[in-house]
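Trainee: Take a look at the following structure, please.
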Amino acid sequence: MSSLIEVKNVIKQYSNAEGKLLTVLDGIDLNFEQGSFTCILGPSGCGKTTLLELIGGFQLPTSGQILTNGNPVKGPGMDRSMVFQTFDQLLPWKTVFKNVEYALTINKIGADKKEREDTVMKFLSLVELEKFRDYYPHQISGGMKQRVAIARSLAQRPQVILMDEPFASLDSQTRNTLQEQLFRIWEKANVTIVFITHNIQEAIVLGSKIVVMAKSPSKIVVNIDNPVDAGGGIRFPDAKGYNECWKFLHEKISAQTYKEELIQENNPDEIC
Amino acid sequence: MGNVIKKVLVLLKNLFFKRLIFFIGIIVVWQVLFYTKLYPVQMFPSVKTIWDSLVNNLANGELLAKTGFSLELIGIGMLIGMILSVIFTGLAMISKVCRNFVDSIITIAHPLPGIALLPIIILWLGLGSNAIIFVIVHSVLWPMLLNTMTGFSSVPKLYKQLGQNIEMSKIKLVFGIYIPASLPNIYAGLKISWARAWRALISAEMIFGASGTSSGLGFYISQKRYDMDTPAVFAALIVIMLIGILVEDIFFNQLEKRTIGKWGMVSQ
């Protein structure tokens with residue numbers, strides 16, 4: 001396995017309203033390998049989304065480098081597609097089919113209309129939504145919208161899919177179903193996924209690698225291969241090592257929260 | 001019996017019947033006021049004389065010709081206004097300097113009544129149709145521009161990111177993302193502009209009078225007032241209102257139903 005994306009000592013700072021510098025990411029080093037499924041865990045406000053937007057090219061790092069296939073990221077591109085948390089990420093004036101097709105039409109991917117249609121239908125059937133091709137986004141449920149968004153990302157044929165808590169707004173039942181579906185798609189489609197979540201269970205179920213970020217200013221606290229062994233299948237809570245892994249991650253994340261509170265008590269000025 | 005009541009209720013829910021009842025109410029009140037003889041007949045004609053005047057003037061083609069002429073001017077004025085507002089919005093999108101410039105123009109020009117510009121317009125363009133079109137463009141452009149720009153600036157950040165993600169060019173981003181996403185605002189601007197255009201047209205015509213050989217509804221109204229033909233004045237007003245209802249109910253409603261309504265972009 002080779003490194004598809006390298007995040008090298010990335011620092012991201014913003015200046016706030018008073019002109020004070022606020023460090024969000026404080027030296028992040030990460031590698032994402034071809035075909036890996038990396039789940040990034042962290043307390044809210046730790047800069048997970050910022051990291052994803054940096055990889056996506058929507059923002060540029062203050063210092064450090066992000067490389068895809070050895071080339072520095074200069075802006076957004078078709079090779080890195082985003083899936084967002086909100087249900088409103090589909091274009092409401094386009095049908096499910098057109099939403100998935102749009103990136104292909106814009107970039108003239110596919111020899112003709114027929115070939116594009118085949119591609120779109122292939123990915124719509126992968127998320128089991130081929131019957132809803134002519135529906136408008138407002139006519140389908142939240143879970144279905146997220147599946148369309150995943151299909152849209154896949155149809156773009158990216159090297160990596162960047163997912164920003166795509167299931168966070170779903171009810172737990174739908175969430176479990178979509179986790180399984182995404183896992184199967186990842187197995188089948190052989191894509192690289194970077195998946196942000198604040199849910200430990202989700203990280204264990206999905207991730208081949210699990211990363212824990214500290215609270216802002218963020219560093220990487222944990223970067224491990226998922227230790228839970230389910231024989232390559234989906235990692236349900238009865239899988240070997242699940243509980244230990246959950247406890248380990250929970251401790252690491254709680255430690256972040258705890259440390260943060262201690263700092264706050266001791267020198268409240270240092271917290272922005 | 002219950003069935004009949006249900007059917008009547010369904011009918012009442014229908015916008016058309018609601019409107020009809022409203023109009024019948026106005027007509028009845030009007031006629032009652034007429035019978036009280038509180039106002040002289042020259043000022044307050046009966047429903048019947050207004051109706052007769054409307055039918056006669058429509059039948060002899062005079063009212064239709066005037067209406068047609070007015071509509072033509074409005075059409076030209078709105079078209080120019082729309083093109084200009086697209087150009088201005090485009091400019092405002094390109095750079096911050098342009099954006100400030102467009103904002104300043106709107107702030108200065110929007111509250112300025114077109115009629116206040118008349119002396120200058122007459123000096124520059126004379127008394128012809130061009131002057132009237134200018135007043136219409138002035139009244140159409142600013143509300144349209146204001147609404148389009150509001151629409152553009154309230155396009156969700158996420159749609160822009162999506163567009164960038166799939167490597168859309170700036171032009172494609174405008175036509176593929178910004179315009180459809182701002183349609184609710186653009187329609188609102190169109191509706192306001194349409195109403196403003198009518199007002200501007202009628203008042204400009206009443207002041208300019210006939211432009212050359214042809215003239216529109218505004219001139220018709222002021223002419224009939226000179227003749228003390230009050231029923232004909234009301235007849236013209238009715239035509240203006242009817243056109244307003246037709247455009248609102250048929251054109252705008254259908255347009256919204258077939259676009260943003262179908263896409264769930266309106267809160268119902």
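Trainee: Just add up the charged neighbours of B:Asn56: K/R +1, D/E -1, any other residue whose Cβ is under 15 Å from the Cβ of B:Asn56.
Mentor: -1
Trainee: Still on this structure: Residues of B:154-163, mean number of Cβ from any other protein chain within 10 Å of their own Cβ, rounded to a whole number? If you can, show how the numbers build up before the last one.
Mentor: On the way: counts 0, 0, 3, 1, 6, 5, 2, 8, 12, 4.
Mean partner shielding for this stretch: 4.
Trainee: Please state the shape class of the stretch A:1-63: rounded when a/c is under 1.5, otherwise prolate if a/b exceeds b/c and oblate if not, all from the C-alpha gyration tensor.
Mentor: In terms of gyration-tensor shape, prolate.
Trainee: Let me ask something additional. Work out from phi, with θ = phi - 60° and the Karplus expression 6.51 cos²θ - 1.76 cosθ + 1.60, the ³J(HN,Hα) of each residue of the stretch B:52-64, listed in order in whole Hz, and give x for Gly and Pro.
Mentor: Values, residue by residue: 4, 4, 4, 4, 4, 5, 6, 5, 7, x, 5, 4, 5 Hz.
Trainee: If you take the beta carbon distance between B:Asn3 and B:Phe23 as r and set R0 to 25 Å, what does 1/(1 + (r/R0)^6) give as a FRET efficiency, to the nearest 0.05?
Mentor: 0.35
Trainee: Please give me the summed charge of the neighbours of B:Thr89: other residues whose Cβ is under 15 Å from its Cβ, Lys and Arg +1, Asp and Glu -1.
Mentor: +2
Trainee: Related question: Under the classification rounded if a/c is under 1.5, otherwise prolate if a/b is larger than b/c and oblate if not, where does chain B fall, given a ≥ b ≥ c as square roots of the Cα gyration tensor eigenvalues?
Mentor: Verdict is oblate for chain B.
Trainee: Using only Cα atoms, tell me the angle between helix B:183-208 and the longest principal axis of chain B; keep it within 0 to 90° and round to the nearest 10.
Mentor: Around 50 degrees separate the two axes.
Trainee: Quick one: which residues, 5+ away or cross-chain, put their amide H under 5 Å from the amide H of A:Lys240? H built at 1.01 Å from N.
Mentor: Excluding prolines and chain starts, which carry no amide H, the hits are A:Asp229.
Trainee: Also: In chain A, which helices (entire DSSP H runs) extend 30 Å or more along their own long axis, judged by Cα positions, while averaging at least -1.0 on the Kyte-Doolittle scale?
Mentor: Going by DSSP H runs, there are no hits.
Trainee: Within 9 Å, Cβ to Cβ, of A:Leu162, how many net charges do the neighbouring residues add up to if Lys/Arg are +1 and Asp/Glu are -1?
Mentor: On the way: positive: A:Arg80; negative: A:Glu53, A:Asp164.
My count for the surroundings of A:Leu162 gives -1.
Trainee: Then there's this: Can you run phi through the Karplus equation (6.51, -1.76, 1.60; θ = phi - 60°) for the stretch A:20-37 and list ³J(HN,Hα) in whole Hz, with x for Gly and Pro?
Mentor: Along the stretch A:20-37, the couplings run 7, 6, 10, 8, 9, 10, 10, x, 9, 10, 8, 10, 10, 8, 3, x, 7, 10 Hz.
Trainee: So how tilted is helix B:129-153 from the main axis of chain B? Cα-based, degrees 0 to 90, rounded to 10.
Mentor: 50
Trainee: Under the rule a/c < 1.5 gives rounded, and otherwise a/b versus b/c splits prolate from oblate, where does the protein assembly as shown land using the Cα gyration tensor?
Mentor: On the way: a/c = 2.81, a/b = 2.24, b/c = 1.26.
Prolate, because a/c is 1.5 or more and a/b exceeds b/c.
Trainee: Report, by chain and number, residues whose modeled amide H sits under 5 Å from the one on A:Val221, excluding near sequence neighbours (fewer than 5 apart, same chain).
Mentor: A:Val212, A:Met213, A:Ala214
Trainee: Return the aspartates and glutamates within reach of B:Lys66: Cα separation strictly under 19 angstrom, same-chain partners fewer than 8 residues apart disregarded; answer none if there are no such residues.
Mentor: B:Asp52, B:Glu205, B:Asp227, B:Asp229
Laboratory data are not the source of any read-out in this text; all were calculated from the coordinates shown. Computed from a prediction, not measured in an experiment: that's the story for all the values here. Every residue, glycine among them, receives a Cβ derived from its backbone with ideal geometry; neighbour counts consider all protein chains shown.
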